[in-house]
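The block underneath contains the structure these notes are about, expressed in structure tokens.
The values are calculated or read from the model by the stated rules, or taken from the named source; none is laboratory data. Just so it is clear, the structure is predicted and the values come from calculations on it, not from any experiment. For neighbour counting, all protein chains shown are included, and Cβ atoms are generated from backbone atoms with ideal geometry for every residue, glycine included.
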Amino acid sequence: MKKPAHSHKARTGLADEPLTEATPCDLECRVFVVKVGNFRDAPQVEAQPDVWPRAWQIAEDQDQCLHLLCLLMTSDTTRVTTPLVEIDLGRRCVMTRSARRYHLATPPTHEPKVLAVMAVHAASFGLKMAPEVSEDVWSRMLQSMH
């Protein structure tokens, strides 16, 4: 019996078995396709001074400035903020350089699909997700309430 021209070994370095013998259960691939579009500025701060996101995480830029990534309460809009200039632990809110306040009523999100969307937005702005910072901020917010 003649082997096919391409084998697993040639493609992956695993075994020298023909690809035709592989079953769908041999390989599993999960792909999230995230389309990032409709980039636009947030409304003027005067029109929207306070925001209550339904999901959030903190990201960091190359200068180690922190930014908030959030999913807005009233829509599926993901927002990337200007750098954070204040974290008010007692009030559980952060203020951005643009002077907008984001009230954090829930812990940082751990939802895989939301995190994937946030990571894409973060990357498109040159930011790196910082889940450890998000968890630390949330923990200190909770501690400040006692």
Of the residues in region 117-138 that are loosely packed, with under 13 Cβ neighbours inside 10 Å and in a helix (DSSP H, G or I), the one that is modelled with the lowest pLDDT is Ser124
Every listed condition ((1) assigned by TED's automatic domain parsing to the domain that holds Asp136; (2) touching a His at 6+ places or on another chain (Cβ under 7 Å); (3) modelled with pLDDT under 95) holds for Ala15 save (1)
Which is surrounded by 13 or more Cβ atoms within 10 Å (Cβ to Cβ), at pLDDT 95 or above and touching a Gly at 6+ places or on another chain (Cβ under 9 Å), of Met95, Met141? Met141
What residue, of Gln62, Gln48, is out of contact with any Lys or Arg (no Cβ under 8 Å at 6 or more places or on another chain) and assigned to a loop (DSSP other than H, G, I, E, B)? Gln62
